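Taking it in order: structure first as structure tokens, then the write-up.
The numbers here are math on the coordinates, done by the rules we state, and not lab data. All values derive from a computational prediction rather than experimental measurement. Virtual Cβ from ideal backbone geometry, glycine too; neighbours counted across all protein chains shown.
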Amino acid sequence: MKSWVGHTENELYQHWGTPSKVIDKGSDGKIVVYVPDINNKEGSKTKYINASQPVEYISPRNNEYKKTKSFYITPMGNIYAWKME
């Protein structure tokens, strides 16, 4: 994340794709937010059990917090700060 400081907004989009949210701060620039989609993780495939019974499908538990990544961008389109929550 730290290595993105000094890069441009366009470079960020080319590498990370479309952000989850863009917050317009007017003359102060904008905040670009990425929220990971837990459903796309490999470990969250549907699992099944069968103990001499009909097959029962169970969804994986979701005990993870989503780590939101925010990039602060100047009105000129340069990244000057970041935050991960």
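Overview of results
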| item | result |
| --- | --- |
| Whole-Hz ³J(HN,Hα) from phi, Karplus 6.51 cos²θ - 1.76 cosθ + 1.60, for the stretch 13-24, glycine and proline x | 5, 5, 8, 9, x, 5, x, 6, 7, 10, 9, 7 |
| Label-to-label distance, nm, for residues given as Ser27 and Thr8 (7 Å Cα→Cβ offset) | 2.5 |
| Other-chain or far-sequence residues with amide H under 5 Å of Thr68's (modelled H) | Glu85 |
| Packing rank of 74-83, 12-21, where each peptide gets the mean count of other beta carbons within 10 Å, highest leading | 74-83, 12-21 |
